[in-house]
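The structure under discussion is supplied below as structure tokens; questions concerning it will follow.
The values are calculated or read from the model by the stated rules, or taken from the named source; none is laboratory data. None of these values were measured; they are calculated from a predicted model. Positions of Cβ are generated from backbone atoms using ideal geometry, with glycine treated the same way; all protein chains shown enter the neighbour counts.
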Amino acid sequence: MLQQSGAPSLEDLIVAPGSAPGAAARAVVRLAGPSAMALTLRLFSGAEQPRPGHWAEGVLNLPGFDAPIPALAAVWATGKSYTGQEMAEWHIPGSPALVDVAIDAVVAHGGRLAEPGEFTRRAFLSGRLDLPRAEALLGLAGATTREDLVQALDQHAGGLAAPLARLHEGLMDLLADLEAGLDFGDEDIEILPTDQLLVRLGSLLAHAVLAARKLESRSDANRKPRIALVGPPNAGKSSLFNQLTKSGALVSPIPGTTRDWLVASLALPGGVEIDLIDTAGLGTTEDPLAEAVRDINVSLMSHVDLLVVCQPADAPASLPSDALPVGAPTVLVITRSDTVSIVRDDILSCSSVTGAGLVRFLEVLSERVSSISARRGAPHLVRGRAQLEALVSRLRVAHSVALEEEGAELVALELRHALDALG
């Protein structure tokens, strides 16, 4: 297989941590590439040397580190590992410093740090993983939000792979029957009558369309990013919302004026459109209705791409610890900057009254949205959608050819194209 210019070489020895970052009882270091086994055998010593597929207990003697490191090691031969290449795993005490020492040792012996997803890419290129599962795993590696993670896990578990596998099997079976009929074409034997061919093509087409619709409904790649203005009551959120969107939301100094979410489209610098959301104030309250609104807000905020936490310059207030979803992406802005005499340059601030700071505020939103859009582009979903669109197109042509009785040879040709579309 040809590699693109500048692409990482499949002949490189690569190394990466195979366990979560931070201290733990045990850490894992993974190696893949032509010299993974040889390097492991060179650095490892114990009562037994690692054999393919078997663990050995001993120590690693790493250059630049005086003490031997207790370790379990295993190696896998070409064709027997996850990547299809030689692989090795070292299980060592879970100190981040030791992991760095181990990785440095591999690099010192001609290896390099693996790029994100590189083990999975090698598994795909060697035929150990099919495209949907490889792309789903890469999606897992790149998941930065809960929604990304759920989506990638769903695909890896069969959300996309299972329907494509069934379609692939159905196409192969139908193509085999068609080609069998072509083999007996001179003997007046009808292996697959036209009415049965149309029924089977129609079934495959229907399943392909359903799979495409399911994938489209799961994907957020085409929707506008959602950015919500959040903060304590009377923090200037509605004033900022009105100034940016030129809408007429009710503005009042009475806390809790905004009960429902207000949504409006907003074009950011660079032309990117977002849905800007004005939310009810967050904070402790004795009002049962306000408390219910707050609970709904927190639930809805888990479906927003970015939370803009608004803090008024003249009356900063802390939010309850449970006011925002855990791990939610946020950006802090000091609102009502016109109410104070000194505004710090190193803190994002703006005024809905004077307009001061709004240009910079929108630029920051644009920068954050660019990274959000890149993550939400979901390459594995985009590729899967393209596959299914091509498959549906080929099956429509095949069905039309069969309906017009233009010849089994042409139907078979379209089915081969459909299989190519699946990859």
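Select from region 66-121 the residues that are under 19 Å from Trp55 (Cα atoms) and basic (Lys, Arg) and list them in ascending order.
Lys80
With (1) modelled with pLDDT under 70; (2) under 30 Å from Arg213 (Cα atoms); (3) not aromatic (Phe, Trp, Tyr) as the list, and Gly283 as the residue in question, which single condition is left unmet?
(2)
Sort through Ser265, Ser337 and tell me the only one that's under 18 Å from Gln243 (Cα atoms), modelled with pLDDT of 75 or more and either of a type in the set (A, V, I, L, M, F, W, C) or out of contact with any helix residue (DSSP H, G or I) (no Cβ under 8 Å at 6 or more places or on another chain) (or both).
Ser337
Give region 350-365 a look and list any residue that's in a loop (DSSP other than H, G, I, E, B) and among the aliphatic types (A, V, I, L, M), or say none.
Val353, Ala356, listed by residue number.
Yes or no, residue by residue, for (1) more than 21 Å from Ser126 (Cβ to Cβ); (2) in contact with a Lys or Arg (Cβ under 8 Å, 6 or more places away or on another chain); (3) outside any strand (DSSP E or B); (4) without any contact (Cβ under 8 Å) to a residue 40 or more places away in the chain:
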{"residue": "Leu10", "(1), (2), (3), (4)": "no, yes, yes, no"}
{"residue": "Ala27", "(1), (2), (3), (4)": "yes, no, no, no"}
{"residue": "Leu41", "(1), (2), (3), (4)": "yes, no, yes, yes"}
{"residue": "Gly58", "(1), (2), (3), (4)": "yes, no, no, yes"}
{"residue": "Leu72", "(1), (2), (3), (4)": "yes, no, no, yes"}
{"residue": "Tyr82", "(1), (2), (3), (4)": "no, yes, yes, no"}
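Select from region 37-53 the residues that are closer than 20 Å to Val15 by Cα and modelled with pLDDT under 90 and list them in ascending order.
Pro50, Arg51, Pro52, Gly53
Only one residue in Ala378, Ala412 is modelled with pLDDT under 75, in contact with an Asp or Glu (Cβ under 8 Å, 6 or more places away or on another chain) and surrounded by 15 or more Cβ atoms within 10 Å (Cβ to Cβ), so which one is that?
Sole residue among the options that is modelled with pLDDT under 75, in contact with an Asp or Glu (Cβ under 8 Å, 6 or more places away or on another chain) and surrounded by 15 or more Cβ atoms within 10 Å (Cβ to Cβ): Ala378.
While we're looking at this one, here's another question. Looking at (1) surrounded by 17 or more Cβ atoms within 10 Å (Cβ to Cβ); (2) modelled with pLDDT under 85, can you tell me which one Ala88 breaks?
Single failed check for Ala88: (2).
Among what's in region 394-418 and is assigned to a helix (DSSP H, G or I) and of a type in the set (Asp, Glu), pick the residue that is nearest to the chain's Cα centre (by Cα).
Glu414
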